[in-house]
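See below for the structure under consideration.
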Amino acid sequence: MLVGRIATAQQQPQPAQSPPLEDSKQPAQVVPQRWNLYYQATSIGQYHGTFRSPYSGPFSLQNYTERDVSLTTTLFLSLRAEKNTVVVFDPEIAGGRGFSGVDGLANSSNGELPRVATATPKPYVARLYVTHDFSLGGPTEDSESDANQLAGPRPVNRYTVTAGRFTLTDFFDNNRFSHDPRTQFIGWGVMFNGAWDYPADVRGYTWGMVHELNFRHWSLRYGSAAMPRVANGLRFDRRLLRNRGDVVEGEYRYTAKEHPGTVRVLQYWNHADAGDYGAAIALAKATGARPDVTATRQNGTAKYGFGLNAEQDITADLGVFGRFGWNDGKTESFAFTAIDRLATAGVSAKGTRWHRPLDNVGTEFTSSGISAVHAQYLAAGGYDFLIGDGRLRYGREMIWETYYSARLFPGFFASFDLQHVSNPAYNQDRGPVWIPSLRLHLEGGRH
């Protein structure tokens with residue numbers, strides 16, 4: 001069995017909200033940093049008990065008590081090759097298990113380690129890329145030292161090219177309140193837009209190129225990256241002129257009553273050796289067999305969708321966020337998860353009011369859905385690569401998630417997370433399920 005997907009957190013900080021500008025004739029306030037090294041280690045322990053389950057299939061969340069633990073540790077090394085060129089290298093180790101082999105939930109419960117076949121930690125290269133800024137003139141802004149980011153002056157008006165190995169979620173669909181399962185919400189459908197079937201291997205990474213045009217209040221990004229050969233696979237399709245994933249995102253940053261906000265609009269197109277749910281149903285009727293979307297795979301099959309992403313500070317310590325996602329729902333779920341429709345809304349707050357400014361608390365609600373033909377395929381006994389109960393009484397999969405993250409001492413955080421799942425895998429005949437989680441997170445570095 002292939003090692004499972006690791007949905008990684010964003011490590012490429014995005015432009016600040018309406019940053020203060022320097023006069024381009026004045027010396028930079030931050031000395032350009034030559035290199036830095038950061039690290040993180042995160043472990044998440046999860047539990048679920050029994051629940052209503054009159055039937056189940058090979059891709060169902062199993063109706064027995066499960067206790068599973070994940071572990072990841074990462075080094076983030078950045079090196080300045082020349083003034084505006086940075087090389088990033090992130091080796092990573094991951095191990096652990098997910099519930100029922102990480103099957104049975106479209107909005108899976110652990111974004112750190114969703115799909116792993118063995119508890120044995122395994123090393124691999126998470127990121128290896130080079131990024132270069134082309135200045136378009138005008139003022140600069142100071143970048144702070146951070147994971148995969150060097151301190152120093154950076155042109156506000158710039159064209160940036162990045163090429164190599166990374167996860168596209170480093171650059172797209174960012175959200176300050178919900179984008180990092182190591183410190184924020186941990187559900188798949190809330191850490192990223194679950195309806196975006198973003199190009200990635202089973203670990204969540206890909207090879208590709210990202211272009212970004214950035215100005216003070218807005219940015220425009222385009223990325224093109226390799227798709228896996230098979231759904232949720234480890235190896236990539238090298239026929240990039242035919243099979244690849246393309247994504248475009250526009251971002252607008254503004255201030256409302258002195259409180260920053262951001263709106264992002266994303267559009268994607270994937271081409272892969274993917275199947276078609278309608279064709280699988282028709283083939284099953286002709287042969288009398290169970291529908292199998294993998295039997296209808298064709299080279300260059302297209303899948304497309306879009307997403308809307310918003311965040312808004314209400315006060316200095318309180319913010320709200322939301323996402324909306326949609327894809328065509330006709331083509332096989334291939335790279336991320338089996339979600340065709342998504343709506344998410346939540347609130348995040350710092351612990352300043354109770355004298356814990358480095359603590360965070362958040363609550364959100366996510367409603368996921370699938371297209372009519374996708375539901376018909378599952379109801380007829382078909383399987384996706386991570387859901388399929390053998391039959392289906394369709395209902396939207398709804399998850400409420402709340403977490404509290406406490407800084408116990410510098411660089412070490414402990415979080416308690418609770419998820420309530422209704423209609424797991426879109427099946428009204430099964431559930432609900434309660435999933436409590438305990439997360440320990442360590443971070444630090446030399447800079």
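Spin-label pair residue 209-residue 363: with each label point 7 Å from Cα along the Cα-Cβ axis, the two points sit 4.8 nm from one another. Mind pulling the angle between the C-alpha long axis of helix 277-287 and the longest principal axis of the chain? Nearest 10 degrees, somewhere in 0 to 90. Taking Cα atoms only, the helix is inclined about 20 degrees.
Considering only the Cα atoms of region 111-179, their convex hull presents on average a projected area of 6.5 nm².
Relative to the current alpha-carbon distance between residue 62 and residue 438, full extension at 0.36 nm per residue lengthens the span by 133.3 nm.
Here's the list of aspartates and glutamates a cross-link from residue 122 could span, going by alpha-carbon distance under 13 Å and ignoring same-chain residues fewer than 8 apart: 92.
Note on residue 47 and residue 130: with the Förster distance fixed at 30 Å, the Cβ-Cβ geometry gives a FRET efficiency of about 0.10.
A simple spin-label model places the labels of residue 304 and residue 83 4.2 nm from each other, with each point 7 Å out along Cα-to-Cβ.
Put simply, the chain fits an ellipsoid with semi-axes of 36, 25, 20 Å; these come from the alpha carbon gyration tensor as the roots of five times its eigenvalues, largest first. With Cα atoms as the point set, region 282-398 shows a radius of gyration and Dmax of 19.6, 67 Å.
For residue 285, the lysines whose Cα comes closer than 20 Å to its Cα, not counting residues fewer than 8 places off in the same chain, are 330. With 0.36 nm allotted per residue and the present C-alpha distance subtracted, the residue 391-residue 217 stretch has 57.7 nm of extension available.
Length, then width, then depth: along the principal axes, the Cα atoms of region 133-223 run 40, 26, 22 Å. Highest average first, the peptides 375-382, 274-281 ordered by how many other beta carbon atoms sit within 10 Å of their residues are 274-281, 375-382.
Bear in mind these aren't lab numbers, they're just calculated from the coordinates by the rules spelled out. Predicted, not measured: the structure shown is a model, and the values here were computed from it. As a convention, Cβ positions derive from the backbone with ideal geometry for all residues, glycine included, and neighbour counts pool all protein chains shown.
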